[in-house]
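Here's the structure, in structure tokens; my notes come after.
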Amino acid sequence: MNHVNIDVVSDVVCPWCYLGKARLDQAIANVAGDILVTVNWRPYQLNPDLPPEGVDHKAHLAAKLGGQEAVNRAHEMLTDLGLQDGISFNFDAVEISPNTLDAHRLLRWALTEGPDAQSEVAALLFKANFEQGRNVGDHAVLLEIAEEAGLERNVIAALLASDADKDAVSGEIETARGMGVTGVPCFIIDSKYAVMGAQSVDVLTGALRDIANMKDTSQIN
């Protein structure tokens with residue numbers, strides 16, 4: 001069985017990244033039994049300059065998108081798309097636009113327990129932000145998520161209280177930008193092939209199969 005590695009460059013407050021995760025999960029399920037897929041979550045920040053406590057979400061988004069009407073249109077479209085992929089977006093519940101640096105630190109630490117643990121934390125972060133309206137920049141929320149994912153709460157609390165891995169996460173984001181990643185999600189497959197945006201399940205499934213087939217061909221040759 002071929003093994004394919006996917007680095008997902010994303011931000012946990014990006015609704016398209018949440019859609020991308022749902023679609024990638026479906027694509028992986030489609031190739032199960034034929035292709036072994038390992039997913040690693042890599043950091044990106046849409047709003048790196050936000051203060052640690054975050055800002056008012058609705059005002060921030062209206063300013064960013066050019067007014068409330070544009071926000072409403074975007075939310076209506078995303079809500080419809082989410083329902084197709086099993087996501088119940090609840091944009092009205094989101095009150096804070098957080099700085100996501102600490103959420104990305106948590107994802108980095110989760111990977112020490114393995115890719116499955118990291119993916120579980122990613123799922124919980126997306127759900128907390130977009131479906132439950134919880135502030136994923138708040139250490140109390142991050143500790144609840146860490147504990148729910150089976151991580152050691154006391155260890156994560158000590159790490160969050162420190163500056164551990166802040167520079168490492170920021171460095172990864174800069175590396176992604178240096179590679180030409182200007183929007184997320186970006187799926188980097190086997191460190192060679194990039195699939196940009198929240199592509200359809202069919203596109204992602206096809207990409208996994210095509211790359212696995214290329215591996216088969218190269219091994220035969």
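The values are calculated or read from the model by the stated rules, or taken from the named source; none is laboratory data. These figures come from a predicted structure and were not determined experimentally. In this analysis, Cβ positions are derived from the backbone assuming ideal geometry, glycine residues included, and neighbour counts consider all displayed protein chains. What goes into the accessible areas is simple: the full protein's heavy atoms, side chains included, and nothing from ligands, DNA or RNA. Shrake-Rupley method; radii C 1.70, N 1.55, O 1.52, S 1.80 Å.
What the table shows:
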item: Label-to-label distance, nm, for residues given as LYS215 and LEU83 (7 Å Cα→Cβ offset); result: 3.8 nm
item: Separation between Cα centres of the range 165-221 and the range 77-149, rounded to whole Å; result: 21 Å
item: For the chain, with +1 on Lys and Arg beta carbons and -1 on Asp and Glu, the positive-most of THR217, SER97, PRO51 along the dipole; result: THR217
item: With Cα atoms, 0 to 90° folded angle of helix 15-31 axis to the chain main axis; result: 30 degrees
item: Surface accessible to a 1.4 Å probe, SER162 within the full protein complex, Å²; result: 40 Å²
item: Furthest towards positive pole of dipole, GLY33, VAL71, SER170, structure part the chain, Cβ charges; result: GLY33
item: Helix 139-148 axis, angle to the chain major axis (alpha carbon atoms, nearest 10°); result: 40 degrees
item: Estimated 222 nm signal from helices in the chain, with DSSP H stretches of n ≥ 4 weighted -39500 (n - 2.57), rounded to 500; result: -17500 deg cm²/dmol
item: Kirkwood Rh in Å, taken over all unlike Cα pairs in the chain; result: 18.1 Å
item: Solitary cysteines of the chain, where the nearest other Cys Cβ is not under 4.7 Å; result: CYS186
item: Nearest-20 debye value, the chain charge dipole, Cβ charges on Lys, Arg, Asp, Glu; result: 480 debye
item: Model label zone, ASP190; criterion: amide N under 12 Å from point 7 Å along Cα-to-beta-carbon; scope the range 16-47; result: 36
item: Residue-wise HN-Hα coupling along the range 63-78, computed from phi with Karplus coefficients 6.51, -1.76, 1.60 (Hz; x: Gly, Pro); result: 5, 6, 9, x, x, 5, 4, 5, 4, 4, 4, 5, 5, 5, 5, 5
item: Computed over the range 81-210, the ratio Rg/Rh where both radii use C-alpha atoms and Rh is Kirkwood; result: 0.98
item: Förster-model FRET efficiency, 41 Å R0, ASP116 and ALA74, C-beta, rounded to 0.05; result: 0.80
item: Considering only the chain, percent of DSSP beta bridges that pair antiparallel, nearest 5; result: 55 percent
